[in-house]
Amino acid sequence: MTDTATTSGPELPQRTRTVPSQIAASVLRFDPAETVQELLDSEMVLAALTVFAEFKVADHLAGGPLPLQDLAERCAVDPARLERILRILIPRGFVRRDPTDGLYHLELVGQTMRSGVPGSMRPAVLTRAFPLWVDAARMLPATVRTGRPAAVAEHGAPYDYLAERPEKRALFQEFMTARSTAIGQSLVEQDLSKVQHIVDVGGGRGTILAALLRDNPHCMGTLLERDDVVQAAEEFLGKAGLQDRCAFVAGDFFTGIPTEGDLYLLASILHNYDDERAHAILKQVHVAMAPTPQSVLWCVDWILPDNGMRHPALAADIKMLSLFPGGKERTRTAYRELLSGAGFTTAKIVPLTAGPSLIIAQPVRQ
Ligand SMILES: C[S@@+](CC[C@H](N)C(=O)[O-])C[C@H]1O[C@@H](n2cnc3c(N)ncnc32)[C@H](O)[C@@H]1O
């Protein structure tokens, strides 16, 4: 059965389409202004979520349900105001209020906001609230106008901003650890039986390197990081009991990369840079790589879709635009071209269950 939906208006040409009745009904109910209003309202949901994260509501409820008064006392906040914060998060699955006894229970989505649990989303929410991150979104129109991240001009470049604020840097690293744990779990599905030495370039705390070393006891590793981060990596791999299989190098991937590897890893690095700077990093990797047939480069980043559908890479791309001069996510074609320009052939692009893709490339030797 079909209905005929007709739209007309002064600015739009009259269009007549024949569509199935169910779709027609949902189209007729669709209010375009509501879509915009929902986006505007989501800002308040995010603000409430930041309060939820800051006051550690999920941690307080992790031991069991609590009445509002007790929960407010643990959060050291006024109960009436806390109730309003909880109310907007109830329909989103963070908490539930039992109508019989009024106790607040932590729900499935709220569980992800507990601190210190693997994959916790709390550091991601708190990082999003850093003044640089908030201003990056607020000042996006100026960034789009000039092509230069306006918030960076005010606060400094992200990694320098973090270096000057060790508490924020630790939170950012926790956020990256949560993301990179999932990436590490996806990467261990790859066969590393022929690899002997992994060099993790800009490896952060070393979450991915730790996963690869743990799963491949025959491999050694080297992690290159900025000098303000490398100690956190030593601690992280130390806690994982992997310190004897890993070397740590404080340095700059624009000026030199350790040479002993046969697998080089660039995870969430290239998207921070424009093509020229990304090319410069890739050239450094090319120079460092041993001229053996098994030498391989793994890049892990989002791949931009070209089908007009919703995709996490699209938001990641705007984040790069707002925070890093020239930073961007790339399409498959753009990665192939970037790699080819720096002397690599792209062997495979593998979508990872964690979301981003693994781009496997090999150096071309003349
Ligand atoms: C987005 S994080 C990715 C961390 C890690 N690869 C991961 O996926 O978990 C980017 C990392 O690059 C490091 N970094 C930035 N500029 C660098 C440079 N010039 N030399 C070495 N590391 C750098 C930062 O300190 C940060 O830890």
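For THR112, the accessible surface of its heavy atoms amounts to roughly 60 Å² (probe 1.4 Å, protein chains only, rounded to the nearest 10).
Antiparallel beta bridges, as assigned by DSSP with both residues in the chain, represent about 55 percent of the total such bridges.
Net length available on complete extension from VAL364 to ARG87 is 93.9 nm, with 0.36 nm assigned per residue and the Cα-Cα distance removed. Can you tell me how region 180-363 classifies by the Cα gyration tensor, rounded, prolate or oblate, using a/c under 1.5 as the rounded cut? It is rounded, given that a/c, with a ≥ b ≥ c, falls under 1.5.
Remark: accessible surface ordering of VAL249, VAL199 (largest first) is VAL249, VAL199, probe radius 1.4 Å. Calculated FRET efficiency, GLU260 to THR331, Cβ-Cβ distance, R0 = 41 Å: about 0.80 to the nearest 0.05.
P(r) tail, the chain: Cα-Cα pairs separated by more than 30 Å, 49% of all pairs. Computed with a 1.4 Å probe over protein heavy atoms only, the accessible area of LYS319 comes to about 80 Å². The distance between label points at SER340 and LYS239 comes to 4.4 nm (points 7 Å beyond Cα on the Cα→Cβ vector). Close amide H partners of CYS246, meaning residues 5 or more places away or on another chain with modelled amide H under 5 Å apart, are GLY221. Each Lys or Arg adds one and each Asp or Glu subtracts one; over the other residues with Cβ under 11 Å from the Cβ of VAL57, this totals +2. Using the 1.4 Å probe convention, the accessible area of region 227-272 works out to 44 Å² per residue with neighbouring protein chains retained. Counting protein heavy atoms only, region 34-114 has 54 percent of its accessible area on carbon and sulfur, 1.4 angstrom probe.
Once backbone amide H atoms are built at 1.01 Å from N, LEU103 has ASP98 as its partners under 5 Å, excluding neighbours fewer than 5 places away on the same chain. Loop-resident chymotrypsin sites (Phe, Trp or Tyr not before Pro) (DSSP state other than H, G, I, E or B) in region 201-266 with no more than 16 further Cβ atoms inside 10 Å of their Cβ: PHE254. From the alpha carbon centroid of region 248-299 to that of region 189-215 is 14 Å.
Once backbone amide H atoms are built at 1.01 Å from N, PHE324 has no partners under 5 Å, excluding neighbours fewer than 5 places away on the same chain.
Computed with every protein chain present, the accessible area of ARG74 is close to 130 Å² [probe 1.4 Å].
Applying the Karplus relation 6.51 cos²θ - 1.76 cosθ + 1.60 with θ = phi - 60° to region 251-257 yields 3J(HN,Hα) values of x, 10, 5, 8, 10, x, 10 Hz, where x marks Gly and Pro.
A straight chain from LEU40 to LYS348 at 0.36 nm per residue would run longer than the Cα-Cα distance by 106.9 nm. Over all other residues within a Cβ to Cβ distance under 9 Å of LEU266, the charged ones net out to -2, with Lys and Arg as +1 and Asp and Glu as -1. What the Cβ-Cβ distance of GLN190 and ARG226 gives, at R0 = 22 Å and to the nearest 0.05, is a FRET efficiency of 0.25. When the listed pairs LYS239/LYS319; LYS319/LYS348; LYS168/LYS348; LYS239/LYS283; LYS283/LYS328; LYS239/LYS348 are checked against a 28 Å cut-off, the alpha-carbon distance exceeds it for LYS239/LYS319; LYS168/LYS348; LYS239/LYS283; LYS239/LYS348. Largest to smallest in accessible area, the residues SER42, SER120 fall in the order SER42, SER120 (1.4 Å probe, all protein chains included).
Label-to-label distance, ASN307 versus VAL287, with points set 7 angstrom from Cα along the beta-carbon direction: 4.1 nm. Among THR50, THR146, THR127, the sequence by solvent-accessible area, most first, with a 1.4 Å probe is THR146, THR50, THR127. For region 180-363, the relative contact order is 20 percent, taking Cα pairs closer than 8 Å that sit 6 or more residues apart in sequence and dividing their mean separation by the residue count.
Note that region 111-117 has calculated 3J(HN,Hα) couplings of 4, 5, 9, 5, 7, x, 8 Hz, one per residue in order, obtained from phi through the Karplus relation 6.51 cos²θ - 1.76 cosθ + 1.60 (θ = phi - 60°); glycine and proline are x. With helices as the sole contributors, the chain gives -13500 deg cm²/dmol at 222 nm; each DSSP H run of n ≥ 4 counts as -39500 (n - 2.57), and the sum is divided by every residue. Counting 0.36 nm for each residue step from ASP275 to ALA157 and taking away their Cα separation leaves a gain of 40.7 nm. For region 136-190, the set of GluC sites (Glu not before Pro) satisfying both a DSSP loop assignment and a count of at most 13 other C-beta atoms within 10 Å is given as GLU164, GLU189.
The values are calculated or read from the model by the stated rules, or taken from the named source; none is laboratory data. Predicted, not measured: the structure shown is a model, and the values here were computed from it. As a convention, Cβ positions derive from the backbone with ideal geometry for all residues, glycine included, and neighbour counts pool all protein chains shown. Keep in mind that these areas ignore ligands, DNA and RNA; they rest on the heavy atoms of the full protein, side chains included. Shrake-Rupley method; radii C 1.70, N 1.55, O 1.52, S 1.80 Å.
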